[in-house]
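The values are calculated or read from the model by the stated rules, or taken from the named source; none is laboratory data. On a predicted model such as this, the values are computed, not experimentally measured, just so you know. When we count neighbours, we look across all protein chains shown, and the Cβ atoms used for this are built from the backbone with ideal geometry, even at glycine. When the accessible area is computed, the model is the full protein with side chains, heavy atoms only, and any ligands, DNA or RNA have been set aside. Shrake-Rupley method; radii C 1.70, N 1.55, O 1.52, S 1.80 Å.
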Amino acid sequence: MLENIKLSFHGIWSHKMRSVLTMLGIIIGIAAIIAIVSTIKGNSEMIKSSLIGANTNVVTVTLYQGEWAYDMTWNGNPEGILPIEQDTVEELEKLEGVEKVSLYNSRENIDSTVYYQNTAFTGGVYGIDDSYFELYGYTLNYGREFIGSDYEKRRKVAILDATAAASIFPGKSPIGEILEISGEPFTVVGVVSQNTTTAPNINSVQDYYLYVGNTNGKLFLTNAIWPMVFRFDEVQSAAVKAVNTDAMTTAGKKVEDALNEKMNLSAETDYIFKSQDLMEQAKKLQDMSNATNQQLIWIAGISLLVGGIGVMNIMLVTVTERTQEIGLKKAIGARKRRILAQFLTEAAVLTSFGGVLGVIFGVVAANVLSQIMGIPTGISIPAMLIAVAFSVCIGLIFGYLPARKAANLNPIDALRSE
Amino acid sequence: MILELKDVYKEYTRGKMAVPVLKDISLQVEDGSYIAIMGPSGSGKTTLMNLVGCLDVPTSGQVLIDGVDISTQNDDQMAKLRNTFIGFVFQHFHLLQEMDALENVALPLLYAGVPAKERRARAEEALKKVGLEDRLRFKPSQLSGGQCQRVAIARAMVTGPRLLLADEPTGALDTASGEQVMEIFSQLNEQGMTIVMITHEPSIAACAKQIYHIRDGEIRMDGQERPGRQPDEKIEEVE
Ligand SMILES: Nc1ncnc2c1ncn2[C@@H]1O[C@H](COP(=O)(O)OP(=O)(O)OP(=O)(O)O)[C@@H](O)[C@H]1O
Ligand SMILES: [Mg+2]
């Protein structure tokens, strides 16, 4: 056996060009699969770390209309739904697993409310209390955060996130600039950005798309001024900070149930409060990106099939070329099994060589992809081992026919061919 | 009786036609014989050799090797017989080009399941016997025709077979190399090895103790058993 492997290497080396061309299909197929698998893994890990926890442990509970989060921008306040009162917040904070609850107003996609020198800002506008930034992990880049008197005196001040700042005020400081919001002048006092030391702080699927889609960013106002700009008595969302990551789902559920009960909302009514089940959503997103990549794997699989057929073809040629050698070996006492093993080993060594090269190219391709397109990659050792094992199998499967042909060669005919 | 052919009939089918090559061949070869088989081209000499060498089976009749009917043997048993009992020498040597002399000679031992160290030792010894101890690591492409044939003889005898089959062993060699090969054959025969050799050349056939002729699918012995020409003797015109 060892003898066979040694001889196979010898054979591959003495026909370098042919060997490489034969292996090409396998190399490409394996490389593609490794690159795709690495991307899938990287993507999955990114989604997971982005969506879940992100060391803030905050679950968002928002009003839904059917399947979709209710967006005030288009429809105004849903009838019969009242704002959550401060007493309720205190009740909610007593629930199991809940550490803190903060209410905020939001309009996710405004397009003709906020202007800077006649240019409309399109993005999200949030009316927040003084704990929002802390909860969602925002830090101040420059300027200042909202202070107590901003709330008390209902000052017309605004804070931008870094994305919004860059899109409205490209190349200059927004601090002290005036935005026109619903016809009222607001002074920009600060710029914040989400903690990106570990991962982008993404707390919902919407946020994830915002993050991925790289939209125009967010504009923050105090919740005290909100009714003057938008509507009075708008329904809010609740940011629920759980005591730890594991408690996030239950805390969200508890708050959701409490709010629904308080406002007589249920699955039968038009509206309902729902918490983002982040685990579930992370999984959904992962499945989605997996599904697309699965198709790519099929395509790579076809390339492997073609590669395997290429190997079979070359092995058949090799057997024909080496008819005399086979005949001689049989004449001096080599059994069928040995000839079969010799050619199977040759095919397997050839394809496993291709597999190893494929893995190397795949890893390189994955890294290049992640550099160019910003797709994260995660190199998976099991995937590499499976890929090499798989290429050995391809060698054995597609090498079988030629090897059997060799083993069954009639030594007389084989010796006669000269 | 090391080798016995009983009413051997062999035909090849060419298309739908059956072409008889050997018709009713009977032959008995005693242990320690040295026979030459002559005959015109296409007369079936190689066909006969293949039957004797367990590479093929007769259409009818029996080939007995050391008393065993080869038609009762399966593939693996035939392979074993070829490996241990029979040694082959071909006109065109059939050495493996990518292996050196030592590796070529050791190959039958690999198939016999001999461990690597012993393989090497025995192959070296066999090469010594044919006078190539200083060419162990030479590849066939670096050896002369005569040297190649001597490597092939070493390979044929390395497993210690009792029967040596040679199909025109000097056919591709010059006279001097041919004589060298004949010398080795004579030595082997003296040591007790049975040799069956096919040749076109009367001077080579004269080295054997018995000469057979094949013609029209039939075999006939050429005169009585005689001592056989010593290869280093002056070559005379026979026939
Ligand atoms: N495998 C085969 N299939 C069909 N016909 C064959 C086969 N082998 C040999 N023959 C035919 O059998 C006849 C005898 O062939 P063989 O090779 O035994 O002759 P030979 O005596 O060895 O000739 P040479 O002296 O030229 O080597 C030839 O006519 C040949 O064409
Ligand atoms: Mg012949």
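In table form, for the structure just shown:
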{"item": "Protein-protein interface of region A:303-334, residues with accessible area decrease of at least 10 Å², isolated chain reference, 1.4 Å probe", "result": "A:324, A:325, A:328, A:329, A:330, A:331, A:332, A:333, A:334"}
{"item": "Chains A and B, summed buried accessible surface - 1.4 Å probe, Å², nearest 100", "result": "2000 Å²"}
{"item": "Sulfur and carbon atoms: percent of accessible area, region B:4-71 [1.4 Å]", "result": "48 percent"}
{"item": "Amide hydrogen neighbours beyond the local backbone of residue B:11, cut-off 5 Å, H modeled", "result": "B:21, B:59"}
{"item": "FRET efficiency, residue B:73 to residue B:99 (Cβ-Cβ, R0 45 Å, nearest 0.05)", "result": "0.95"}
{"item": "J(HN,Hα) series, region B:64-79, from Karplus relation 6.51 cos²θ - 1.76 cosθ + 1.60, nearest Hz, glycine and proline x", "result": "10, 9, 6, x, 9, 6, 5, 6, 8, 9, 8, 3, 5, 5, 5, 4"}
{"item": "Computed [θ] at 222 nm, helices only, for chain A once each DSSP H run of length n ≥ 4 contributes -39500 (n - 2.57)", "result": "-18000 deg cm²/dmol"}
{"item": "With at most 10 other Cβ atoms within 10 Å, longest stretch of chain B clear of loop trypsin sites (Lys or Arg not before Pro) (DSSP)", "result": "B:17-136"}
{"item": "Overall Cα dimensions of region B:95-160 - principal axes, largest extent first, Å", "result": "30, 23, 17"}
{"item": "Sites residue A:151 and residue A:244, calculated FRET efficiency, Cβ-Cβ separation with R0 22 Å, nearest 0.05", "result": "0.15"}
{"item": "Where labels lie 7 Å past Cα in the beta-carbon direction, separation of residue B:12 and residue A:289 in nm", "result": "6.8 nm"}
{"item": "Region A:119-186: GluC sites (Glu not before Pro) in DSSP loop, at most 12 other beta carbons within 10 Å", "result": "none"}
{"item": "Candidate aspartates and glutamates - alpha carbon under 15 Å from residue A:405, same-chain residues fewer than 8 apart omitted", "result": "A:321, A:325, A:346, A:413"}
{"item": "Two-site FRET efficiency, residue A:68 against residue A:389, from Cβ-Cβ distance with R₀ of 30 Å, rounded to 0.05", "result": "0.05"}
{"item": "Accessible surface, the protein assembly as shown, averaged per residue in Å² (probe 1.4 Å)", "result": "47 Å²"}
{"item": "Under 5 Å, built H, 5+ apart or other chain: amide partners of residue A:100", "result": "A:241"}
{"item": "Cα gyration tensor, region A:58-243 - rounded (a/c under 1.5), prolate or oblate", "result": "rounded"}
{"item": "Reach of residue B:129 by Cα under 20 Å, taken over aspartates and glutamates that are not fewer than 8 positions away in the same chain", "result": "B:100, B:103, B:118, B:179, B:183, B:190, B:232"}
{"item": "Of all accessible heavy-atom area on region B:95-160, the percent that carbon and sulfur account for (1.4 Å)", "result": "48 percent"}
{"item": "Longest segment of chain A lacking trypsin sites (Lys or Arg not before Pro) that sit in a DSSP loop with at most 13 other Cβ atoms within 10 Å", "result": "A:232-418"}
{"item": "Protein accessible area in region A:58-243, 1.4 Å probe - carbon and sulfur %", "result": "47 percent"}
{"item": "Threshold 50 Å², region B:49-81 residues less accessible with all protein chains present than alone (1.4 Å probe)", "result": "B:55, B:76"}
{"item": "Isotropically averaged projected area of region A:55-147, using the convex hull of Cα atoms (one quarter of hull area), nm²", "result": "8.7 nm²"}
{"item": "Of A:94/A:153; A:156/A:262; A:172/A:218; A:336/B:16; A:6/A:330, those spanning more than 26 Å from alpha-carbon to alpha-carbon", "result": "A:94/A:153; A:156/A:262; A:336/B:16"}
{"item": "Relative pair counts by distance (%), Cα atoms of region A:116-175, 5 Å bins", "result": "4, 14, 26, 26, 19, 10, 1"}
{"item": "Cα shape, chain B, gyration tensor, a/c 1.5 rule", "result": "oblate"}
{"item": "Within the protein assembly as shown, percent of DSSP bridges classed antiparallel, to nearest 5", "result": "70 percent"}
{"item": "Fully extended contour minus Cα-Cα distance, from residue A:180 to residue A:91, at 0.36 nm per residue", "result": "28.3 nm"}
{"item": "Hull shadow area, averaged, the protein assembly as shown [alpha-carbon convex hull, nm²]", "result": "44.7 nm²"}
